Amino acid sequence: MGCTLFAAICAIIKTTKLNELENLADFSYATVDLVIWAVVEAAVIIIAACMPTLRPFFNKTLAKQEHGSESPGFFRRLGSLFTLTSKTSKVPSSEPPRWGSGLDSGYQGMRNAPAVKQSVGNDSSTAIWCTTETEIVLLIPYLFTFFAYLTTARPQCLFSMASSQAPEAILAQLQKTGAAFADKQPGSREQLLNLSHALIANLELPSEAIQRMGWAEPARAAHCRIAVELNLFELLKESGVTGLNSRELAAKSGAHEVLIARIMKHLAAMHIVGEAPDRTDGYTPTPLSNSLTEEKYRSGIIYTYDVAGPSFRGLPEYLKSIQYDLPTKLTDGPFQAAHKTQLPFFAWLDAHPPYLQVFNSYMSAYRAGRPSWVDSGFYPVADQLTKRFDPATSDVILVDVGGGLGHDLEELKVKHPSLPGKLVLQDRAEVIATVSANGSFEATAHDFFTPQPVKGARAYYLHSVLHDWGDDDCVKILEQLKPALRPGYSTVLINELVVPRQNPTWPITSMDQLMLVLGAMKERTEEHWEQILARAGLKIVRIYSYEMGSESLIEAELA
């Protein structure tokens, strides 16, 4: 009676918890494991409750085993199920499982349970409930462990296994994330993008995926490059809501009408431009096509297609030529093979001023609209920089090392106008020569492989600098800062991607691939950053992160 009542209570609690799974955003929670364990537990409890009536059966079986049963191991293994050891009540770590099978240790515990003691079957004088009572007592810790698992905080990641879920599950997550996006919750836009990609991957046929990757997306990239060259996006923007047809676009651009018609049709199918509902073969601008008329985004199209694109297109052939070894040389990689050069990436840009210009222009657009470390709620600028600034130590509050055209310093000054002290921009002489002086910062030429000339500044800031270099070069760059750092005062701020251990999003992985083809470069995990900083005599104080896929800010100081 007691065991039956106990089983009923267990069933009620478990049913309640399983019903909660229906409303979870993360369907990667171990639902299958829970169902399996529910069945196993029910069987264990029922059998435990029936032990008094089964005792004669096992007594006879074990007695038979002593006299030479043909299969002595079977009942011993079966009997092990009824002797639950403390192994089933131990959890391997304090952190609850987040993905996949989280209860494997329990299964292993049942597999490894010891055999039923011979004395159970041989000691006829033992009270029938004595051993049963022991079995139930050993069962209780297991049940408490199982209920604790049911009540642990479930993972909040909305798309940890989105690509392997059914479309219906992803749609449910999209609905929930859409509500979060409507409420302007941080990170919801990125979550929607990732879930949308996952939905496409689940709905596409293999042949459709190959078609998309093989010629739909390459054609889109090529047509955008052509449209930039022929100013097609500018022509559409000037036309307003009425738009233009292929004949009009061809006449204004000087291209063949049929060619323009085919290009525009594909750009419309890929949602780059719109189609005019009341005009035959008519096209209208979209927010995206209008953005592509801006110089920084035009530069992005040119840079990605002309400079980075050939490196990706030639990557399979290049890797095959080096027997699929890892490229480690700045002068001999996929980029050099594609562009027929032995110059490192940045030296090649210096030798091709038009591409250097579009590269610098696109860098100003790459982070546009994305979270910035100077945003409210990201890095405590007021507490960490303003309040701790000591003009007696140095009149410089922040040095932007390798800061390009100074876009980060301009943003810092705009969002924190009361920031005290001087801001210093440092980069190569070729870059500094193109910087427009606006009075918000001081621009000086500096090679970051040489000792830092500005001593005792509150912060030395490096944005997307170290991912362009191998580990050894990163250590050299950081070591050049050490003599300038004042212990207990100066800090090093590294604004880079920090690759998560699991489920990185495609913006992070694609950037790592870009680093691969441009040279011996890469994005790094937190462990990699710790190793590099330690080699340079620095240590991480804290890593500030905001939204998934965005860059983090690593705060470091002298070790």
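Using the Cβ of Q342 as centre and a radius below 12 Å, the other residues enclosed give a net charge of +1, where K and R count +1 and D and E count -1.
When the alpha carbon gyration tensor of segment 302-366 is reduced to an equivalent ellipsoid, the three semi-axes, largest first, read 23, 13, 9 Å.
Below 8 Å between Cα atoms, with a sequence gap of 6+, how large is the relative contact order for segment 370-558 in percent?
Details: 347 pairs, mean separation 40.2, N = 189.
Worked out over segment 370-558, it gives 21 percent.
Under 5 Å from the amide H of A443 lie the amide H atoms of L425, each residue being 5 or more positions distant or on a separate chain, with H modelled from the backbone and absent for Pro and chain starts. Label reach from L259 (point 7 Å along Cα→C-beta): in segment 278-311, amide nitrogens under 19 Å belong to 302, 306. Inter-label distance, R535 to D332: 2.1 nm, where each label sits 7 Å from its Cα along the C-beta direction. Applied to segment 327-332, the Karplus parametrisation 6.51 cos²θ - 1.76 cosθ + 1.60 on θ = phi - 60° returns per-residue 3J(HN,Hα) values of x, 10, 9, 5, 9, 8 Hz, with x for Gly and Pro. Annotation: average projected area of segment 370-558 is 10.3 square nanometres, based on the convex hull of Cα atoms across all directions. Packing-based ranking of 528-534, 226-232, 367-373 yields 226-232, 528-534, 367-373, ordered from highest to lowest mean Cβ neighbour count within 10 Å. Using R0 = 45 Å, the C-beta based FRET efficiency linking S376 and E430 works out to 0.80.
Each peptide in 355-365, 428-438 gets a packing score, the mean of other Cβ atoms within 10 Å over its residues, and the list from highest to lowest is 355-365, 428-438. Phi angles across segment 370-379 convert, under the Karplus curve 6.51 cos²θ - 1.76 cosθ + 1.60 with θ = phi - 60°, into 3J(HN,Hα) values of 9, x, 10, 5, 8, 5, 5, x, 9, 10 Hz, Gly and Pro given as x.
Between the amide H of S552 and those of E496, L497, V498, distances stay under 5 Å, these residues lying 5 or more places away or on another chain, with hydrogens modeled in the peptide plane. Each residue of segment 193-204 is assigned a 3J(HN,Hα), and the resulting list reads 4, 5, 5, 5, 4, 5, 5, 4, 4, 7, 8, 5 Hz, derived from the Karplus form 6.51 cos²θ - 1.76 cosθ + 1.60 (θ = phi - 60°), x at Gly and Pro.
Given K413/K482; K184/K415; K320/K340; K320/K522; K387/K522, which pairs have Cα atoms separated by over 29 Å? List each step's numbers first, then the result.
On the way: K413/K482 26 Å; K184/K415 21 Å; K320/K340 17 Å; K320/K522 20 Å; K387/K522 35 Å.
Going by Cα-Cα distance, K387/K522 fall outside the 29 Å limit.
Could you calculate the FRET efficiency of S207 with L343 from 1/(1 + (r/R0)^6), where r is the beta carbon distance between them and R0 is 45 Å, rounded to 0.05?
Numbers: r = 41 Å, r/R0 = 0.92.
E(calc), rounded to 0.05, equals 0.65.
Loop-located trypsin sites (Lys or Arg not before Pro) in segment 430-516 (DSSP state other than H, G, I, E, B) with a sparse environment of at most 12 neighbouring Cβ atoms within 10 Å: R501. You can think of it this way: the chain between N231 and D395 has 54.3 nm of extra reach, that is 0.36 nm per residue less the Cα-Cα gap.
Coordinate-derived values only; no laboratory data. These figures come from a predicted structure and were not determined experimentally. No Cβ is skipped: glycine too gets one built from the backbone with ideal geometry, and neighbour counts run over all protein chains shown.
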